[in-house]
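I have placed the structure first, in the form of structure tokens, so that the comments after it can refer back to it.
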Amino acid sequence: MPAPVALVDAAVVREKSAQYQRDGFCIAPPVVPPELLARVIPRMDAVRHGEYETGKKPLNSWAGPNDTPGKLSKIDQAHVADRTIFETIAHPAIGEWVAALTGAKRVQVWAVQMLHKPPGGDARGAVGWHQDLYYWNTWWQPNSDVFTAWLAISDVREESGPMHFVPGSHRWGLLEGSDFFGSVDESKRKIALPPKAEWKDVSGAMPAGAFSLHHRLTFHGSQPNLSDSPRRSFAIHLCTEKAVPIPNRNIDTQGGGYDYLGHLDNPAICPVIYGG
Ligand SMILES: O=C(O)CCC(=O)C(=O)O
């Protein structure tokens with residue numbers, strides 16, 4: 001069982017927290033126990049194949065029973081469909097670590113993407129460069145403390161198409177040109193960098209059970225999976241006590257009309273994973 005954050009050397013927490021502030025991302029050590037990882041993998045596959053344990057459907061999918069071979073499968077709100085997936089994304093060690101890394105008093109899940117990047121190197125497995133806030137800024141008030149914990153369920157090696165991050169890009173402001181759905185190279189060409197900004201990206205490879213934490217403005221993207229096994233993960237979108245939804249937000253522009261923030265009072269959809 002991985003050590004709870006209270007038992008981890010305080011210097012490790014300080015170093016990773018400083019990296020998050022400086023670079024806009026950091027990678028926490030494995031926090032989700034191997035036995036839970038082993039249990040959740042078949043449940044992820046069940047949801048991808050349209051089997052919903054709770055009887056509730058995930059929000060939408062690029063996959064499920066209509067899986068396109070080679071393409072990244074992205075299933076939103078998969079945790080409502082399956083109890084083991086819920087247990088994984090709401091694991092208290094994630095909340096405890098996120099609070100230690102960011103100083104948050106309260107950490108709440110507000111959205112989840114289940115991501116399955118198939119092996120074989122198909123270009124449609126890639127994720128274009130983007131800043132998350134580009135997709136969220138019509139929902140959250142400016143400067144809301146919202147970010148992503150990206151939890152590796154399988155070992156994510158260089159050849160698996162890990163996320164890459166651009167250190168320091170969280171200080172560039174919100175730029176035009178983000179494109180999650182575009183190719184990595186094309187999406188990069190569309191981004192107009194601020195004067196003197198230097199683009200240098202680094203790999204977020206990590207072992208199963210670990211997670212990366214990235215700021216809402218940090219540029220990130222990922223290449224196809226060249227390995228011979230799937231890259232499995234959850235992007236867990238989190239908010240803290242310093243995040244405020246926009247009232248009467250326009251929910252029709254994204255998410256097919258689904259109001260993610262309309263469920264913040266429902267612990268079965270938006271669990272609080274740290275604090276009260
Ligand atoms: O899984 C990936 O490669 C990208 C995920 C992503 O864009 C995110 O977690 O915000």
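Scanning the range 159-184 for residues that are modelled with pLDDT under 95, surrounded by 15 or more Cβ atoms within 10 Å (Cβ to Cβ) and within 27 Å of residue 228 (Cβ to Cβ) returns 180, 182, 183, 184.
Residue pairs whose Cβ atoms lie under 7 Å apart, separated by 6 or more positions or on different chains, with the first residue in the range 8-36 and touching a residue at least 60 places away in the same chain (Cβ under 8 Å) and the second among the polar types (S, T, N, Q) and in a helix (DSSP H, G or I), are 20/102; 24/169; 26/19; 32/88. Looking at 193, 226, 217, 213, just one residue is within 15 Å of the ligand (Cβ to nearest atom), hydrophobic (A, V, I, L, M, F, W, C) and either touching a strand residue (DSSP E or B) at 6+ places or on another chain (Cβ under 6 Å) or without any contact (Cβ under 8 Å) to a residue 24 or more places away in the chain (or both), and that residue is 213. In this entry, residue 187 is excluded by the filter for residues that are surrounded by 13 or more Cβ atoms within 10 Å (Cβ to Cβ), within 18 Å of residue 148 (Cβ to Cβ) and either within 11 Å of the ligand (Cβ to nearest atom) or free of Cβ contacts under 8 Å to residues at least 40 places away in the same chain (or both). Does at least one position in the range 116-132 carry a residue that is hydrophobic (A, V, I, L, M, F, W, C), within 14 Å of the ligand (Cβ to nearest atom) and within 29 Å of residue 242 (Cβ to Cβ)? Yes, the range 116-132 contains a residue that is hydrophobic (A, V, I, L, M, F, W, C), within 14 Å of the ligand (Cβ to nearest atom) and within 29 Å of residue 242 (Cβ to Cβ).
Residue-level analysis places residue 111 outside the set of residues that are modelled with pLDDT of 95 or more, more than 13 Å from the ligand (Cβ to nearest atom) and among the small types (Gly, Ala, Ser). Going by what's in this entry, would residue 79 be described as over 23 Å from residue 223 (Cβ atoms) and either modelled with pLDDT of 95 or more or touching a Phe, Trp or Tyr at 6+ places or on another chain (Cβ under 7 Å) (or both)? So residue 79 passes the test. May I ask you to list the residues in the range 82-119 that are in a loop (DSSP other than H, G, I, E, B) and more than 22 Å from residue 221 (Cβ to Cβ)? Listed by number, the residues that qualify are 82, 90, 91, 103, 104, 105, 106. Here residue 156 qualifies as in contact (Cβ under 8 Å) with a residue 40 or more places away in the chain and crowded, with 24+ Cβ neighbours inside 10 Å.
The values are calculated or read from the model by the stated rules, or taken from the named source; none is laboratory data. The structure presented is a predicted model; accordingly, all values stated were derived computationally and were not measured. Heads up, the Cβs are rebuilt from the backbone with ideal geometry, glycines too, and the neighbour counts pull from every protein chain shown.
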